[in-house]
Amino acid sequence: MEDLTRFCFHCMELKGEHRVCPHCGKAETPKQLYPLLPLGSYVGGRYYIGKAIRQNGEGVTYAAYDNKEFHRCTIREFFPQALSARDPDMVSVFPASGSLQAFSECRDSFNEMWKKLMRLRGLTALITVTDVFAAGNTSYAVYTESEEDTLRDRLLSTPQGYLDWQQARILFMPVLSTLGTLHTSGVIHKGINPEAFIFTEDGRLKLTDFCIPQVRTAYGDLDSDIHEGYAPLEVYSEDGNIGTWTDIYSFTGVLYRTLVGTTPISAPVRAQNDQMMIPAPIAEKLPPYVINALINGMQIDPKDRTRNVEQLRSNLSASPRAVSASASVYR
């Protein structure tokens, strides 16, 4: 067994006796605040818990170490705080009073989604899910990729804050193929945003930040996790029509952010007065068919929007017909 006291809780690499990790440059963290799992917790009989990376109404994502396969990994814990609480043992989770049914239904959705993703592992731009298990009255999902380097981080680190089309094309086109397979398999992400893409060591993008449907709309049982600027109008409506076109809007919004350098105006604001545009100096450098793809992919009304990955890939792969008249609002 590894001497886990010698690991950095941030990146889960061996830091030895160093107070500042030589791998990630971060200092030691003495503890993790309740109700998060304490640093150093053991779950599933093999996973050593590090620093929490992100949390929302569905649960918490942690850096972790697999003490069976001896490598770092990432763990997602189902822990909806609107429906449950942490037991005094600091590990187990229990449903809140009157929330047992909702907790159980959401947990079933969590298990179903992550088991489906585990069956789909091997897709080029999808995180590699290796384990889904129950422990402490809740559920966990494990994947091998680290979430240290997101697309948002990478864009913020560039001098100009954005990429040109040729750079973006190389990054995003393989993701479209994976997204198409996910849709065919019945998986709609519903939360695509720049932090849902992580970079692999060889510079490719992979899609992460999967959550159950109940947290991706404004009217679910859980506290909603909606990414302003990237979420389409239908997720704000109780009877919104969610489908492949929902991911198309979000994916195109991320592409807009990557090419333009600014977050798209939120869909509810655009629905009242659509003033979103591409600054002329950037628009002049983009192929007209890319501008057309952005326009069609981010239509407010789902009926007017690009409907599926195949259509979006076609729009981004070769120049279609001349840009529609609506392109003028983006220039």
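The values are calculated or read from the model by the stated rules, or taken from the named source; none is laboratory data. In this text the structure is predicted, and so the values were computed from the model without any measurement. Quick reminder, even Gly has a Cβ in these numbers, built from the backbone with ideal geometry, and neighbours come from all protein chains shown. These area figures cover heavy atoms from the full protein model, side chains too; ligands, DNA and RNA do not enter into them. Shrake-Rupley method; radii C 1.70, N 1.55, O 1.52, S 1.80 Å.
Tell me, what % of the accessible area of region 179-313 is carbon and sulfur with a 1.4 angstrom probe?
47 percent
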Inset, instruction - Name the residues whose placed amide hydrogens come within less than 5 Å of the amide hydrogen of residue 85, ignoring near sequence neighbours (fewer than 5 apart) on the same chain. - result: 94, 96
Legend entry - Inter-label distance for residue 223 and residue 101, nm, one decimal - labels placed 7 Å from Cα along Cα-to-Cβ: 2.5 nm
Legend entry - Counted charge near residue 226, where neighbours are those whose Cβ lies closer than 12 Å (Asp, Glu -1; Lys, Arg +1): -2
Legend entry - Nonlocal Lys pairs with alpha-carbon distance under 18 Å, region 1-125 (8 or more apart, or different chains): 5
Inset, instruction - Springs between alpha-carbon atoms under 10 Å, Gaussian network over the chain: tell me which of 76, 270, 107 tops the mean-square fluctuations. - result: 270
Legend entry - Relative contact order [Cα under 8 Å, 6+ residues apart], the chain, whole percent: 12 percent
Legend entry - Residue-count net charge about residue 317 - beta-carbon cut-off 12 Å; Lys, Arg +1, Asp, Glu -1: +1
Inset, instruction - Provide the gained length on full extension for the span residue 90 to residue 112, in nm with one decimal, where the gain is 0.36 nm per separating residue minus the Cα-Cα distance. - result: 5.3 nm
Legend entry - Backbone N under 18 Å from the residue 13 label point (7 Å along Cα→Cβ), restricted to region 199-221: 199-204
Inset, instruction - Using R₀ = 25 Å, calculate the FRET efficiency as 1/(1 + (r/R₀)^6) where r is the Cβ-Cβ separation of residue 68 and residue 149; round to 0.05. - result: 0.45
Inset, instruction - Hydropathy first: keep DSSP H helices in the chain averaging at least 0.0 on Kyte-Doolittle, then drop any whose Cα extent along the axis falls short of 18 Å, and list what survives. - result: 165-184, 244-260
Inset, instruction - Order the peptides 57-70, 83-96, 194-207 from the highest to the lowest mean number of other Cβ atoms within 10 Å of their residues. - result: 57-70, 194-207, 83-96
Inset, instruction - Could I get the Rg over Rh figure for the chain? Both from C-alpha atoms, Rh via Kirkwood, rounded to two places. - result: 0.99
Inset, instruction - Post the alpha-carbon centroid distance, region 190-209 to region 1-73, in whole angstrom. - result: 21 Å
Legend entry - Inter-centroid distance (Cα atoms) of region 259-323 relative to region 159-183, Å: 14 Å
Legend entry - Mean Cα-pair separation over length for region 1-138, i.e. relative contact order, pairs under 8 Å, 6 or more apart, %: 16 percent
Legend entry - Solvent-accessible area per residue for region 8-118 (1.4 angstrom probe, square angstrom): 46 Å²
Legend entry - Listed peptides 150-161, 280-291 by packing density, highest first (mean Cβ within 10 Å): 280-291, 150-161
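Within the set of other residues whose C-beta is less than 12 Å from the C-beta of residue 114, count the net charge using Lys and Arg as +1 and Asp and Glu as -1.
Net charge around residue 114: +1.
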